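Report on the following structure.
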Amino acid sequence: MAKKSKIDGLKTREQKFKDVKWNRMFVERRAVTSKAFLGLKTAAACQVYMIFLYKCQWKPIEHAPRRKKAYYLANQGEIQFTYDEALEKWGITQKKFTKGIDELVRVGLIDITKSGFGLQKDKSLYAISDRWEKFGTDEFVVKKRQKRKQQLGFTKGNSYGKNSGKK
């Protein structure tokens, strides 16, 4: 306990305010009790989904009635979650993280808005989706992760391996 108070003593007033302000996470009961969430096959998918919800930034709608606080997702489609962060900060291996993302996209809880394909440290961007509401019905649209079309390595016609060929 002394360790925490020592860390808090080093924080500025602004940092303490941000900790209190962003110390909340919203989880919809409808989402957690839905067929999509209950149909997840791996525990890693549940863990990854909760981390995605943790990364969401909710802001109040300005013109909403005062008694009914309404919020919107400020970083929708811009949520970053890298493989390095999953391993270092959350302890999720690359294999578990990949299966978790695939599973969440399959049931419609998240969508990939921009795929980085793991090239040049390009980060993938994710969005929290509403497709899960139609999961298990005929109206549900199945999506899959985009696969990399370009073959890397020493293959015929690959421009990346030109300088390493036999002379």
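Side notes on the structure shown:
- From the options Y54, Y126, Y49, Y72, residue that is in contact with a strand residue (DSSP E or B) (Cβ under 9 Å, 6 or more places away or on another chain), outside any loop (DSSP other than H, G, I, E, B) and more than 24 Å from K147 (Cα to Cα): Y72
- Residues satisfying the stated conditions in the stretch 135-167, i.e. modelled with pLDDT of 70 or more, surrounded by 10 or more Cβ atoms within 10 Å (Cβ to Cβ) and under 28 Å from T82 (Cα atoms): F135, F140, V142, K143, R145, Q146
- Considering the conditions (1) part of a strand (DSSP E or B); (2) in contact with a Pro (Cβ under 8 Å, 6 or more places away or on another chain), I112 is excluded by exactly one of them, (2).
- Candidates in the stretch 80-101 are the residues that are assigned to a helix (DSSP H, G or I) and either of a type in the set (V, I, T) or crowded, with 16+ Cβ neighbours inside 10 Å (or both); of these, the one that is modelled with the lowest pLDDT is Y83.
- Candidate set: the stretch 57-69, residues that are assigned to a loop (DSSP other than H, G, I, E, B) and surrounded by 12 or more Cβ atoms within 10 Å (Cβ to Cβ); chosen: the one modelled with the highest pLDDT: Q57
- Being in contact (Cβ under 8 Å) with a residue 24 or more places away in the chain, surrounded by 15 or more Cβ atoms within 10 Å (Cβ to Cβ), within 28 Å of G136 (Cα to Cα) and among the small types (G, A, S) holds for only one residue in G108, G77, and it is G108.
The values are calculated or read from the model by the stated rules, or taken from the named source; none is laboratory data. Because the structure is predicted, anything quoted here is derived from the model rather than measured. Don't worry about glycine lacking a Cβ; one is built from the backbone with ideal geometry, like all the others, and counts go over all protein chains shown.
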